[in-house]
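Coordinate-derived values only; no laboratory data. Model, not experiment: these values are computed from the prediction. Neighbour counts run over all protein chains shown; Cβ positions are idealised from the backbone, glycine included.
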Amino acid sequence: MNLDQQIQELIDNAPSDGTTSALMRAIAPVIKSMAGQLKHPEYYIPRTVDGNWLMVTLKSRKQQTVEKNIISAYATLHDAEVGSRIMSNPTIAPLPIPVTHILFHLIALKTVDSIIFFETSKNLQDGTEILPHTLQTKIKTYLQSQQQDNSSIIV
């Protein structure tokens, strides 16, 4: 599925509350832009038996009191199995998730500090980290620019 199809699927499957699909349409250009900077159209995210994304708490090596809650997104199923040690834990299963869906969920994840996208297969040392705050800031800036553009239209 390409990025436009992914965005359309998000809009089509949004709750019929009159708000969510409109919100999705409004922020779609930002989600698509950020997704386009990543290398893959979908990533494997380990999920627990209850369907939640597997979150890992990391501690700073230099400052032991500093912790960070992350979700890892892997380029391949094999990387997800190796990276999250799934083979030794049958209660965790990696599932492919479209990249735009991952980014859309990141907006609302309150307990997650970042998602790390492992872009290169078999390289679990280097990843692209996206913070919820970064995405939220880009969305806010985009929406403000759209509002300014709309207010400058002469009727």
Order of 25, 85 under a 10 Å beta carbon neighbour criterion, fewest first: 85, 25
Considering only the other residues whose Cβ falls under 12 Å of the Cβ of residue 56, what net charge follows from Lys and Arg at +1 and Asp and Glu at -1? +1
What helices in the chain pass both tests, a Cα length along the helix axis of 20 Å or more and a mean Kyte hydropathy of 0.0 or higher, using whole DSSP H runs? 20-36
Any idea which of 147, 5, 107 is furthest toward the positive side of the dipole for the chain, if Lys and Arg beta-carbons carry +1 and Asp and Glu beta-carbons -1? 107
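So in region 3-151, what percent of DSSP beta bridges are antiparallel if you round to the nearest 5? Before the final figure, lay out the partial values.
Values: 17 of 22 bridges.
In region 3-151, DSSP labels about 75 percent of beta bridges as antiparallel.
The chain: Rg/Rh from Cα coordinates, Kirkwood Rh?
Working: Rg = 17.3 Å, Rh = 16.9 Å.
Rounded to two decimals, Rg/Rh equals 1.02.
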Taking K and R as +1 and D and E as -1, what net charge do the other residues with C-beta under 12 Å from the C-beta of residue 69 add up to? +1
Enumerate lysine pairs in region 3-151 that are 8 or more residues apart or on different chains, then count those whose Cα atoms are under 28 Å apart. 23
